[in-house]
Amino acid sequence: MRSKRSIIWLILICCIHALNAQGFEGRLTVEFSEISIDSAMREKELVFFGAEHIERRSSSVATYTIKSDKLIGRQVDKKGDLIYKYVQLKQEAYLVTSGGKKINYNSIPMENMAQLKRTYKGLETKTIHGYRCRQYEYLTADGNTRIIGWIAESIPFDKKRQYQQFFRQLFLPDGLPLEKRMIYNKVEHCWRVTAIDLQKIPDAMLTIP
């Protein structure tokens, strides 16, 4: 009996690892809100994006289509007008503004999300969109940015392929947060998933728009 239980647990663990190896595949809808931002960061972003885009971005919605290491996103303002398109394919990662300006990912003034140190993993959980989520907290390597996220641990996530470039807008090192707050200096952004659809994505949907 004990050996049968061990075999069952081994099979379950292998299934979980297999799902994670496949990574997230499907669509996400996310709401962004900018609570505050300091003048130094505002000036830096103005150079790249312009005042109109920053104003429209402060309360916006984005939809993402994801498969493996490919991502196509579209961010719109409250009126439904385009702010940015996000494109991440194997060879390149960039965004396109509503005016048609193409900006390479490496030129975007974003905080360094590549090296996050986990500082907290909570025991408490809460249910968001039917998924049990656990609170995690992180700090960037310089200690200036704090991230608080409620991660749905059961949703597949491939850290090797899905925690790079624009994927870092969505995922944290331990998976997909359905709610997230980012605080650095006097800047605070809030982020929450409003819809999640786990489905197979045809390759044709992940081409340059």
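Applying the Karplus relation 6.51 cos²θ - 1.76 cosθ + 1.60 with θ = phi - 60° to region 137-143 yields 3J(HN,Hα) values of 10, 9, 10, 6, 4, 7, x Hz, where x marks Gly and Pro.
Between Arg132 and Lys200, what FRET efficiency comes out of the Förster formula 1/(1 + (r/R0)^6) with R0 = 22 Å and r the beta carbon distance, rounded to 0.05?
Details: r = 24 Å, r/R0 = 1.09.
Calculated transfer efficiency: 0.35.
Pairs of Lys residues in region 70-136 are counted when their Cα atoms are under 16 angstrom apart and they lie 8 or more places apart or on different chains; the count is 4.
How do the peptides 78-90, 152-164, 96-108 rank, highest first, by the average count of neighbouring beta carbon atoms within 10 Å per residue?
On the way: 78-90: 14.8, 152-164: 17.7, 96-108: 12.8.
Ranked from most to least packed, the peptides come out as 152-164, 78-90, 96-108.
Under 5 Å between amide hydrogens, built in the peptide plane, is the criterion, and for Gly23 it picks out Phe157, Asp158 among residues at least 5 positions away or on other chains. Placing unit charges on each Cβ (+1 for Lys and Arg, -1 for Asp and Glu) gives region 108-197 a dipole about its Cα centre, and among Ile196, Gly143, Phe167 the Cα reaching farthest toward its positive end belongs to Gly143. Each other residue within a Cβ distance under 12 Å of Val30 adds +1 if Lys or Arg and -1 if Asp or Glu, for a net charge of +2.
FYI, it's all coordinate maths here, none of it is from the lab. Computed from a predicted model, the values in this text were never measured in an experiment. Positions of Cβ are generated from backbone atoms using ideal geometry, with glycine treated the same way; all protein chains shown enter the neighbour counts.
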